[in-house]
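The values are calculated or read from the model by the stated rules, or taken from the named source; none is laboratory data. All of these numbers come straight from a predicted model, not from anything done at the bench. All Cβ positions, even for glycine, are placed from backbone atoms using ideal geometry, and neighbour counts span all protein chains on display.
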């Protein structure tokens, strides 16, 4: 009886050992498959991310092209609005100079409305100001006033119309119309030449 029990225990141990030997390749195979699945998942995630970046880039490109097309078509209208704004600002300044504060405030209000309208189309001012240096990329000089101060050469004396560009772009859509100072050196004084006498 004891021998039979001992034989059964040994047989069970052998079966367990054999099962472990059989299961070892299965575990190794599962580990390999799992690694491959993880690698495929990582590759898929990378491709999806690249695809999403490409889609966003194309979408931004289309939006920029549409905005540029709209800006090009509307440029003459924007110029007229900028001219009107300049006229309103000038009229407001003149009304203020006459002491007519009510008209001055009304002109300034309508000028501000136009500025808000241009802002609605993503246009921003180039902020041309009197006293700043003239930049041909931002400003258009329509008049030059002489100055005997060399340091004031190419300085903006007056802004006739503010300039505008599309927000985020370096290129100016509507250059500011300005009056600049141009250095004109004073006339040189005639040099005095003493009379020369010839002695024999």
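Restrict the check to the range 47-70 and report whether at least one residue is in contact with a strand residue (DSSP E or B) (Cβ under 9 Å, 6 or more places away or on another chain), under 30 Å from residue 182 (Cα atoms) and surrounded by 11 or more Cβ atoms within 10 Å (Cβ to Cβ).
Filtering the range 47-70 down to residues in contact with a strand residue (DSSP E or B) (Cβ under 9 Å, 6 or more places away or on another chain) leaves 67-68.
After this cut, where a residue has to be under 30 Å from residue 182 (Cα atoms) as well, the list is none.
Checked against the condition, which is being in contact with a strand residue (DSSP E or B) (Cβ under 9 Å, 6 or more places away or on another chain), under 30 Å from residue 182 (Cα atoms) and surrounded by 11 or more Cβ atoms within 10 Å (Cβ to Cβ), the range 47-70 yields no hits at all.
Check off (1) free of Cβ contacts under 8 Å to residues at least 40 places away in the same chain; (2) within 22 Å of residue 88 (Cβ to Cβ) for residue 135 and give me the number that stays unchecked.
Failing condition for residue 135: (2).
Which of the following residues is assigned to a helix (DSSP H, G or I), closer than 30 Å to residue 123 by Cα and at pLDDT below 70: 67, 3, 21?
Details: 3 fails: closer than 30 Å to residue 123 by Cα; 21 fails: closer than 30 Å to residue 123 by Cα.
After applying the criteria, what remains is 67.
When you go through 175, 185, 146 one by one, which is the residue that is at pLDDT below 90 and on the phi < 0 side of the Ramachandran plot?
Working: 175 fails: at pLDDT below 90; 146 fails: at pLDDT below 90.
Of the residues listed, the single one that is at pLDDT below 90 and on the phi < 0 side of the Ramachandran plot is 185.
Check whether at least one residue in the range 77-85 is at pLDDT 85 or above, under 27 Å from residue 177 (Cβ atoms), under 20 Å from the mean Cα position of the chain (by Cα) and surrounded by 10 or more Cβ atoms within 10 Å (Cβ to Cβ), and report yes or no.
Yes, the range 77-85 has at least one match.
Among the strands (runs of 3 or more DSSP E) confined wholly to the range 97-190, which include 1 or more residues that are in contact with a helix residue (DSSP H, G or I) (Cβ under 8 Å, 6 or more places away or on another chain) and surrounded by 10 or more Cβ atoms within 10 Å (Cβ to Cβ)? Steps first, answer last, please.
Working: elements: 123-125, 139-147, 155-161, 164-166, 172-174, 176-183.
Where strands (runs of 3 or more DSSP E) fall fully within the range 97-190 and carry at least 1 residues being in contact with a helix residue (DSSP H, G or I) (Cβ under 8 Å, 6 or more places away or on another chain) and surrounded by 10 or more Cβ atoms within 10 Å (Cβ to Cβ), they are 123-125, 155-161, 164-166, 172-174, 176-183.
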